[in-house]
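> Got a structure here, written out as C-alpha cells. Questions coming.
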Amino acid sequence: MNSELIEALDILEKEKNISKSTLLEAIEQSLLQACKNHFGKADNVKVTINPETGDFTVMAAKTVVEEVEDPVTEISLTDAKMKDSKYELGDIVNVEIKSKEFGRIATQNAKNVILQKIREEERKVLYNEYYSKEREVVTGIVQRYLGRNVSINLGKVDAILNENEMVKGETFKPNERVKVYVLEVKDTPKGPKILVSRTHPELVKRLFENEVTEVRDGTVEIKCISREAGNRTKMAVWSNDPDVDPVGACVGVNGARVNAIVDELKGEKIDIINWDENPAILIENALSPAKVIYVAADNDEKTAKVVVPDYQLSLAIGKEGQNARLAARLTGFKIDIKSETQAIEAGDFEAYDEDEYYEDGYDEYYEEEPTADAEAPAESSEE
C-alpha cells in the first residue's frame, strides 16, 4: 500500500460518506481472509495498517519446535535462531508474510471482501440518511411510471409513490419536481426502500411548518387536521402568544402563505380554523364556512347536536357530506346537523337562554338567532 491508496480512501470517504477507518478495517479483514484462503487458517495472523502512510504488515505468530508439523503455526528452532539467537523451544516468533505469496484466487477473494464491505457501508449510510427523514417532507424529481406507481428520485435513491398514496386524478410528468411525505424507510439487501405519500394529512402539516415561521418555531400549534386529499383539508390552529393570530399567521398577507401550499397541492382547498378547548366551540368553528346557531356536545359519548339556519343546512353538510365529515374527523365527535326548522319540529331546539340550558356532561354553544337581514354564508378561512 502507499499514499495513492490513502488518497483513494479519502475520496471514497468524501463521495460515499464512508469513514476511512471503516475502509481500513475492511482491507485488514480482506488480508486476513487472503491468508486463510492461501494457508487454510489465519487464527495466528495479525494485520497492522498505518492509516497515515498506508503501509501494512502481516505477521504470523509461530511456535518454536524441534520438528515442524504445521508450517503455518510452527517454526523450527534452526530457522528461529537465524532470526534471533535468543529464541528457544516453545517461544513465539512473529514471522512476516508477504502478500505477494498469495495466490490469484486468494487475492481475488480479498478484493471481493473489500468491495462487499464498501457496498454494505454505502447501503447503511444511505439508509441512516433517509431514515432520519422519515415522517418529513422532501422534494423529489419524477422519474417514470412503474405500472400505476411512480418512481421519484430523492437525490441518492429512488422512492416509490404507490397508487393508493396518490391523489385521485393527479398526474405527473418526467423531471417534474414534487414534494412528498416520507411514510417508511426499509433496509433491504439492495439498498433502502422508501415509500412516500401525497395523500397523508401530515403532508399538509409539514408544508405549513416549512412555509410558516410561527408554526416552525412553535408559536402557533397545529392541534388537529383532517383531509380528503385533492379536495379539502380542515386544520385547527392555536397560538401560544396572545399577540399572534394563529389563523392570520397561517394564511399570510393576502393569503400568500396558504396559497403557496394550495399551489403545491394543486388546488386543494384548505380551511384554517381556531382551535378551542370547549368542544362545542371547536365544532362550531369546524363547520365553517357555515353559520351555526347552537351546538350541544356530549364529551362522554363524543356526539354533538348542531342547529344551523335553514338556508345554511346544505353549506354545513357540504357537497356529498364532505364539510360535516371533515368536521367530525377534526373534532372526533359524531355530529348530527339539523336546520332550525327541523330541530324545532323534532323538539330538539328552542330559543332558550344559554345560561339556563347547561346540562351535566354537555358543553354547549348558543348564538342568537340571525336576524332577517343577516348576510348569507360566513366567510371561510380557506383561500
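> Angle, helix 322-331 long axis vs. longest principal axis of the chain, Cα atoms, 0 to 90°, nearest 10?
Once rounded, the angle reads 60 degrees.
> Next question, about the same structure. Shape call for the range 124-229 from the C-alpha gyration tensor, a ≥ b ≥ c root eigenvalues: rounded (a/c under 1.5), prolate (a/b greater than b/c) or oblate?
Oblate, since a/c reaches 1.5 and b/c is not below a/b.
> At 0.36 nm per residue, and after removing the present C-alpha to C-alpha distance, how many nm does the segment from LYS334 to LEU146 gain when stretched out fully?
Contour length minus the Cα-Cα distance gives 63.7 nm.
> What FRET efficiency comes out for LYS133 versus GLU301 if R0 is 56 angstrom and r is the Cβ-Cβ distance? Round to the nearest 0.05.
0.85
> Under a crude label model (7 Å from the Cα following the beta-carbon direction), how far is LYS41 from ASP241 in nanometres?
Inter-label distance under the simple model: 7.3 nm.
> For the pair GLU13 and GLN322, what calculated FRET efficiency results from E = 1/(1 + (r/R0)^6), where r is the Cβ-Cβ distance and R0 = 56 Å, to the nearest 0.05?
So the FRET efficiency works out to roughly 0.55.
> Oh, and also: List, in order, the whole-Hz ³J(HN,Hα) value for each residue of the range 294-309 obtained from phi through the Karplus relation with A = 6.51, B = -1.76, C = 1.60 and θ = phi - 60°; use x for Gly and Pro.
8, 9, 10, 10, 9, 5, 6, 8, 6, 10, 8, 9, 10, 10, 10, x
> Another one. Give the separation of the Cα centroids, the range 228-262 to the range 309-351, in Å.
24
> What does the net charge come to around TYR145 if you take all other residues with beta carbon closer than 11 Å to its beta carbon, with K and R at +1 and D and E at -1?
Local charge sum for TYR145: +2.
> How high is the FRET efficiency between GLU170 and ASN259 when r is their beta carbon distance and R₀ equals 22 Å, given to the nearest 0.05?
0.75
> While we're looking at this one, here's another question. Among (i) 118, 49, 40; (ii) 58, 46, 44; (iii) 65, 47, 38, which one is Cα extents along the principal axes in Å computed from these coordinates?
Of the labelled values, this structure produces (i).
> When a/c is below 1.5 the answer is rounded, else prolate if a/b is larger than b/c, else oblate, so apply that to the range 177-261 with a ≥ b ≥ c taken from the square roots of the Cα gyration tensor eigenvalues.
Prolate, since a/c reaches 1.5 and a/b exceeds b/c.
> How much length would be gained if the chain were fully extended between GLU96 and LYS190, taking 0.36 nm per residue of separation minus their Cα-Cα distance, in nm to one decimal?
Residue separation times 0.36 nm, minus the Cα-Cα distance, leaves 29.9 nm.
> Helix-only estimate, please: 222 nm mean residue ellipticity of the chain, summing -39500 (n - 2.57) across DSSP H runs of length 4 or more and dividing by its residues, to the nearest 500.
Per the formula, -10000 deg cm²/dmol.
> Can you pull the one-decimal nm distance between simple spin-label points at ILE118 and ASP217, each 7 Å off the Cα toward Cβ?
Each label point is offset 7 Å from its Cα along the Cβ direction, giving 4.7 nm.
Every read-out reported here was derived from the displayed coordinates using simple, explicitly stated rules and does not represent laboratory data. A quick note: this is a predicted structure, and the numbers were derived from the prediction, not measured. Cβ coordinates were reconstructed from backbone atoms using ideal geometry, including for glycine residues, and neighbour counts include every protein chain displayed.
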